[in-house]
Amino acid sequence: MPGSIREFADNAADPKVRGYLHLPDSSNGDALVLSHGAGSNAQSPLLIAVAETFSAAGFTVLRCDLPYRQTRSFGPPGPGDAARDRAGLKNALAAMKKIAPGRLFLGGHSYGGRQSSMLCADPAENAEPVSALLLLSYPLHPPRKPEQQRTQHLPDLRTPAVFVHGTRDPFGTIAELEQALKMIPAKTKLLTVEAAGHDLGFKGKARQEDLPGQIFSEFTKFCALSS
């Protein structure tokens, strides 16, 4: 695999930034911060595959453990963790700005993507300009609870965003997500993954080999059109 991967930590920040840094052989100057879902961590197979694909194309990529995961090695985030997790993402972006001089991109799977979008929707929270979001399996609502929509911040989201969503995701149907995207004033794109659930086909050792490349292709085309 082109480039190199090393453990990364910024212990001076509060919350601390911790994760794995993908350094490309030939950098294009751009950086991507990726975070994980509620029950996972930075070693998620999906995040690794996406990070490797972007890094091979010149991006410097940080897969980071959110603050709640740094505190607890397993289990979901608690009700009071979200604000601190967004502060951790803010610190991760600041750390990457020191490493890569180009554009900053932010994204994540499920909970990580939701917190990323909430950070960008609140200018008071985020000091670093994010050029675009990559949201993998956005958790629109809890399974079997479509009335509990997680869309309150979407009308304030002015960062262009690519949503990648499986047609069998119990956290939201494609139709529900398409309706939610109409609330966002920024430019958006929806990449549909046929027959995929919330894990987008990355569960255990299983993985959709062509999906990371497809995500990269659609995301970079989208960013070129949105700039």
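Structure summary
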read-out	value
In the range 78-92, residue surrounded by the fewest Cβ atoms within 10 Å (Cβ to Cβ) [restricted to those that are more than 14 Å from SER116 (Cβ to Cβ) and either without any contact (Cβ under 8 Å) to a residue 60 or more places away in the chain or hydrophobic (A, V, I, L, M, F, W, C) (or both)]	PRO79
Restricting the range 15-44 to residues that are in a strand (DSSP E or B) and in contact with a Gly (Cβ under 8 Å, 6 or more places away or on another chain), the residue that is surrounded by the fewest Cβ atoms within 10 Å (Cβ to Cβ)	LEU23
All positions within the range 158-186 that are over 25 Å from LEU46 (Cα atoms) and surrounded by 14 or more Cβ atoms within 10 Å (Cβ to Cβ)	GLN179, MET183, ILE184, ALA186
Filtered residues of the range 170-200 (kept if in contact with an Asp or Glu (Cβ under 9 Å, 6 or more places away or on another chain), in a loop (DSSP other than H, G, I, E, B), more than 21 Å from PRO155 (Cβ to Cβ) and without any contact (Cβ under 8 Å) to a residue 40 or more places away in the chain)	ALA196, GLY197
Selection count where residues are part of a loop (DSSP other than H, G, I, E, B) and closer than 21 Å to LYS189 by Cβ, scope the range 142-169	11
Single unsatisfied condition, THR71 versus (1) surrounded by fewer than 19 Cβ atoms within 10 Å (Cβ to Cβ); (2) in contact (Cβ under 8 Å) with a residue 60 or more places away in the chain	(2)
Flag if SER131 is closer than 26 Å to LEU93 by Cα, surrounded by 15 or more Cβ atoms within 10 Å (Cβ to Cβ) and modelled with pLDDT under 95	no
Every residue from the range 45-83 that is in contact with a strand residue (DSSP E or B) (Cβ under 7 Å, 6 or more places away or on another chain), assigned to a loop (DSSP other than H, G, I, E, B) and either within 19 Å of GLN214 (Cβ to Cβ) or β-branched (Val, Ile, Thr) (or both)	PHE59
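The values are calculated or read from the model by the stated rules, or taken from the named source; none is laboratory data. What you see is a predicted model; the values in this text were computed from it and never measured. Cβ sites come from the backbone with ideal geometry, for glycine too, and all protein chains shown count toward neighbours.
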